[in-house]
Each structure stands twice: as structure tokens, then as C-alpha cells.
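Novice: So that we are looking at the same thing, I have put the structure below in C-alpha cells.
The values are calculated or read from the model by the stated rules, or taken from the named source; none is laboratory data. Since the structure is predicted, the reported quantities are computational estimates derived from the model, not experimental observations. Positions of Cβ are generated from backbone atoms using ideal geometry, with glycine treated the same way; all protein chains shown enter the neighbour counts. The protein model used for the area step is the full one, side chains on, heavy atoms only, and it has no ligands, DNA or RNA in it. Shrake-Rupley method; radii C 1.70, N 1.55, O 1.52, S 1.80 Å.
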Number of protein chains: 2
Amino acid sequence: MADSEAYAKHPRSTVNRYGKPRGRYDYQTIHSVVNTVPVFHVSFPTPDEDDPFPAMIPMLGFMGDFSAPGSDDLARPLDLYLHGYISSRLMKLGGTGDGVHEGLPLTIAATHLDGLVLALTPNHHSYNYRSAILHGFGTAVTDADEKMWALEKITNAVVTDRWQNTRLPPTKAEMISTQVIKVSVVSASAKIRAGMPGDDRNDMKNDELRAKTWIGVVPTWTQYGQPIASPENRVKEVPAHVRDFVKAVNEREEGTAKDAALQ
Amino acid sequence: MADSEAYAKHPRSTVNRYGKPRGRYDYQTIHSVVNTVPVFHVSFPTPDEDDPFPAMIPMLGFMGDFSAPGSDDLARPLDLYLHGYISSRLMKLGGTGDGVHEGLPLTIAATHLDGLVLALTPNHHSYNYRSAILHGFGTAVTDADEKMWALEKITNAVVTDRWQNTRLPPTKAEMISTQVIKVSVVSASAKIRAGMPGDDRNDMKNDELRAKTWIGVVPTWTQYGQPIASPENRVKEVPAHVRDFVKAVNEREEGTAKDAALQ
């Protein structure tokens, strides 16, 4: 990924880790992780100074560029768009900024679990994973065209082509009740662990231990099952856009997990 | 779950949501979510006052009670034990507390994605999920027995019975290099969405729309694949504790996702 442009390193986003370097800063890697995770966690400081705990909520979203709406190029600067049930706290804060910053400071974490790494010792047990942490300032999207574009992208991030297979356009009431937050990302990093367990030399020389201790990787991924129709559904067959999506995402995720094990 | 004891409601942990009430505060529900999620995200305020972004890292862990080490009862107060690569920032802060609080204020988010909810309109698309958010003060575990107990529970949370199928006990060097954080939970809530899409009455009366728009749920879960042996592995067969775990967790997760769709 050296040929992709990257986020500038910042102390808060620098990945420190003994052994293999696992930090990645290039746009392509970070944006790919975010755009393939179905749900992530968003954290932000609480407005109540007496409350020491950051707020956290699960949300969904995608990274894109409204100034180049048709582009799927992930290897360049993009904004993060968030959607979900937006707490009144978040909306209040995210609407116009806090006076100091342009928007609400948000930290976003997106993690794929790719496998369980089983070693000779508990200490060397690990996970294969792809994780991205992003920091940026969030503001509510008020431009009608940008909001519609973001809602289309978010719906199609859940199931490819779903937007155009539903009742369109959204009503005025729906557009008012739905909020989208745009995050201008200021720093970000990804961390990736792949491959087999790495045990200490002493344990690897212990023939008795190795004769009885299985080592390897259990690949894991998010599996999409057979679609289950609602009792209210009137369409006989599961439509192609749903079937194709389920097949494609299962192949992609299972393949990624197995490839990670074998790296 | 009304017969289980519960976390006291606090403004920070009160789940507000239009429509169906989705918040849950009972110990059993919250602790079950945490103890079945393979990885969660931990957020904490940064020590640098000029840095507005909460820190966030993926970690693993479990909820348990060292004063009742053999108990598996989740319907009572438990502590959260965290493990993973612990950044120097977190360890520095979590070691002894910040002088005001007994430990570092941590927010922990654990989310299961159970399904994609496909409705007639983009607006009613949703996820089935089980999510828990916990707030508590984290300190490093220094008691040797408690630390050993926590490492055994954490290893067995990755794969049931894995601990006793590895080289034991950990060496002194391993115990020193490994840190466990105990979180005394002060507030927590879970949020659960299950079932089929709920569309607006106007759309449900639109026969043309319903004739062409499939509605229902795509169940999703974390799938554990066939274990892949390391090139360094010398054990011929995948051992029973790994095989049994993969089978059990797949049945549990797939079953939960399908049950959620049909609720």
C-alpha cells in the first residue's frame, strides 16, 4: 500500500507494538476497513463536566466524497458519514460545533475479527483482525442534495442496490426525522494482525508440548444467512440484489479470514 | 428478565428511543452480551487536555467475580476484566487512578449484529442487534491469584477449555509482560432490536409497492470456520475442545440471529 496516500501520523494515532509493525496509515487500508464493517462504535466527550466517561454508541456509515459522488476510489482523502439513532446529546453537540472546534470531536472504531490464533501458550494466543480508529469533527449535514446522497450510500452499504429497490424518494417527514453526521477526519490509523501463532523458541523446542498442543487459526467472519421473509412480505422470491449481496459478502468475508490465516 | 437484578438507571446510561422500548438494565442481559462478544471497544479520556478526542482501542475480556471464582451466574453484580495490547497511556492512567477517581474512567461497547432488517422504505431499514455500553473505573490487577484466574477465564473465553490445553503455568516473564485491567462497573445498559421491519401504514397500504419490494431479515452472526493448522503444528487431529467449541458457538450464534429475526 506504499503507493497510496496516507494520513499524517499524529501521536494519538501512532500504533506502538512490540514485534511486527502492525500500524497502517494509508487511505486505502483505513477506508476499506471502515467501508466493509457493518457496525462501528462512536465515542465523544460528554458535555457534563462531572461525568468522566466518554459517551459511546453503535452506528453505521461509510466513507465517501460528495464532491466526487460517483467515485469509488478509496485511496484518497474522504469524509466519514454516520447514521443511526443519534442521541439528543450527540445531535445537540454535533449540530453547529462547540465554539472552539468546527463540530463535535468524535472517535470512531471499526473492527473485523478475522480469526482466533491458538498458540502453545496462553500468552501467545491472539486474534487475527483488521481495526481502524479515526478522529474527526462531526457536523450535521444540512445540504439537501448531500443528505440524500449520503442516505443512498448508507442504505446501499447495508445491502448493495437496496436504495433503488425501495419506495423513493423519502418523504419530507422522513428527511426531517433522519439525521446524517459528516465527520472531517483529522487523523486515523489501522492495525492489522494476520497469520499463524508465533511461539517462543523454548516452547517450540519442547517436543512433548508440541506433540500434544494443537496450534493454528480458527478463521472467523460475519456470516449472512438465508434471508427470512416478513409475514407481511408479498414478493415470492428473494430478489437478485439481496441474493447476490449475501453471496458476494459471504465469499469476500470468508475469503479474507482464510487468507489472513494463511499469510 | 424482570426477576434478575439490575443496574441502577443513570442519565448517561438511559436508553431513549421512539417507538418500542429497547433499553435493558438487568445484569443477566448486559453480562450475557459482554461474555459472548469476542471483541469490544474501550474508550477513555486522553490525558492531553489539548487533544479533544477520546482514545479508543479494541480489547477482549469477560465479566466475572473473583470472590466467587467457580460461579457462572450472570444475574448479579460482576466486574469486567480487560485484556489485550494495553497502550502505555492506558496502563499509566489505569495503574493507580487519577487522584480523583479510583482508577481510569472507561466506557466499554460490545455489539452483536444479528441481522439486516429490510423494509419498504430506506427510513425503516434497520439492524437486529444486541449492544451493551458499560461505564466503570479501571485499575491494573496486581494480586497474583486474581491475575492468574483472570488470564485463565480470558483464554477460555476465546476457546472453551483452551487454557488447560496449553503449556502451563505461565512463566514469570509472561506474567510480568501481561496486564489485566479490572473495571468496577458503575452504570450500564443494553439495547436490543429484534424482529421484522415495521413500515408506515401508508406504505403498507400501497399494493403496487408491496408487490415489488421484498421485506424481511437477513440473519447475520459471527461464523467460526474449519480450524487451519499451523505449518508448525504436530498434532494430527483438531482436538475435541476446539472442534466442540466451533460447533457450539456456531449453533448458538446462528440460532440467536434466526430467533431474533422471528421474534
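Novice: If you go through segment A:17-26 one residue at a time, do you hit one that is surrounded by fewer than 17 Cβ atoms within 10 Å (Cβ to Cβ), modelled with pLDDT of 85 or more and either outside any loop (DSSP other than H, G, I, E, B) or of a type in the set (D, E, K, R) (or both)?
Specialist: yes
Novice: Do we have B:Pro52 as in a loop (DSSP other than H, G, I, E, B), touching a residue at least 12 places away in the same chain (Cβ under 8 Å) and within 13 Å of another protein chain (Cβ to nearest Cβ) here? Break it down into steps so the answer makes sense when it comes.
Specialist: Values: in a loop (DSSP other than H, G, I, E, B): yes; touching a residue at least 12 places away in the same chain (Cβ under 8 Å): no; within 13 Å of another protein chain (Cβ to nearest Cβ): yes.
Here the answer is no, as B:Pro52 does not meet what is asked.
Novice: Is it true that B:Thr166 is surrounded by 14 or more Cβ atoms within 10 Å (Cβ to Cβ), at pLDDT below 95, more than 30 Å from B:Leu118 (Cβ to Cβ) and hydroxyl-bearing (Ser, Thr, Tyr)? It would help to see each step written out before you state the result.
Specialist: Working: surrounded by 14 or more Cβ atoms within 10 Å (Cβ to Cβ): yes; at pLDDT below 95: no; more than 30 Å from B:Leu118 (Cβ to Cβ): yes; hydroxyl-bearing (Ser, Thr, Tyr): yes.
For B:Thr166, the condition - surrounded by 14 or more Cβ atoms within 10 Å (Cβ to Cβ), at pLDDT below 95, more than 30 Å from B:Leu118 (Cβ to Cβ) and hydroxyl-bearing (Ser, Thr, Tyr) - is not met.
Novice: Could you please let me know if B:Met148 is at pLDDT below 95 and either open to solvent by less than 30 Å² (accessible area, probe 1.4 Å) or assigned to a helix (DSSP H, G or I) (or both)? Walk me through it before giving the result.
Specialist: On the way: at pLDDT below 95: no; either open to solvent by less than 30 Å² (accessible area, probe 1.4 Å) or assigned to a helix (DSSP H, G or I) (or both): yes.
Against the criterion (at pLDDT below 95 and either open to solvent by less than 30 Å² (accessible area, probe 1.4 Å) or assigned to a helix (DSSP H, G or I) (or both)), B:Met148 does not qualify.
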